[in-house]
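Below is one structure; the comments refer to it alone.
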Amino acid sequence: MSSHPTPGVLEVITGPMFSGKSEELIRRLKRARIARQRVACFKPDIDLRYHRTAIASHSSQTHEAITVANVERLREALYPQLDSIEVVGVDEVQFFDPGIIPLAVELIALGKRVIMAGLDTTFAAEPFGPVPNLMAISDTVTKLSAVCMVCGASAIHTQRLGQSQELVVVGAAGLYEARCRMHFHPFLDEHASEQLELAAVLESPGTN
Ligand code: ADP
Ligand code: MG
């Protein structure tokens, strides 16, 4: 049984890259702090694009965060301070192992407000890691869309540019684009990669 009289909640924020997930997470965490709630925020150490000690949005907003290697390390960092924490935020949650799901259930049972942000699908448009399960057990799901970089329509996909087929290639601008259903080409965007190669040839001095 729950060791807390009032159960907490799980809020999931999801959508493709550039859809504003981190912005929305940061907004909610800042509002919680204005309401004098104590907040702890975590992110996986795979995402070192901007800061080790903060989560960051593509629009340069930041919030203090602890970088952890996996769910076990997240537990070790969180549990000693858990009594004094009311809100737990996690960004880039798609990169965590499935242990994040029972952890979310535990935190809800302890009365915490848990806010998890992450990609719903991979560059191949497949469900990404623990995110679909978290959406299924959540109280609310906020599914955001980005702007298609080809036509400006609403974008639900993350397009990887270039040749790599590895699941995780961390980076942002230049490697990935938000795309609508019509302009999303899951396995290789020939058009974009040809353009990139052409640009590289034109820009590199001394070729031909
Ligand atoms: P996410 O965490 O979902 O990747 P962020 O919160 O980091 O998104 O960034 C959202 C911001 O990215 C937007 O407010 C906007 O300033 C910028 N941005 C850049 N490219 C796009 C795009 N294609 N569609 C929407 N926003 C974009
Ligand atoms: Mg983000």
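The values are calculated or read from the model by the stated rules, or taken from the named source; none is laboratory data. As the structure is a prediction and not an experimental result, all values here were calculated from the model. Neighbour counts run over all protein chains shown; Cβ positions are idealised from the backbone, glycine included.
Here are the numbers:
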quantity: Odd one out for residue 69, checked against (1) farther than 21 Å from residue 113 by Cβ; (2) within 16 Å of ligand 1 (Cβ to nearest atom); calculated: (2)
quantity: Residues of region 119-141 satisfying the condition of being farther than 25 Å from residue 161 by Cα and crowded, with 18+ Cβ neighbours inside 10 Å; calculated: 134, 135, 138
quantity: Pick from region 124-146, criterion in contact with a Phe, Trp or Tyr (Cβ under 8 Å, 6 or more places away or on another chain) and within 15 Å of ligand 2 (Cβ to nearest atom), ranking: nearest to residue 102 (Cα to Cα); calculated: 129
quantity: All positions within region 24-46 that are within 11 Å of ligand 1 (Cβ to nearest atom) and surrounded by fewer than 20 Cβ atoms within 10 Å (Cβ to Cβ); calculated: 24, 27
quantity: Considering residues of region 58-111 that are surrounded by 20 or more Cβ atoms within 10 Å (Cβ to Cβ) and among the small types (Gly, Ala, Ser) only, the residue nearest to residue 134 (Cα to Cα); calculated: 104
quantity: Count - residues of region 111-159 that are without any contact (Cβ under 8 Å) to a residue 24 or more places away in the chain and either under 18 Å from residue 18 (Cβ atoms) or aromatic (Phe, Trp, Tyr) (or both); calculated: 1
quantity: Those residues of region 47-57 which are surrounded by 14 or more Cβ atoms within 10 Å (Cβ to Cβ), at pLDDT below 90 and of a type in the set (Ser, Thr, Tyr), in sequence order; calculated: 50
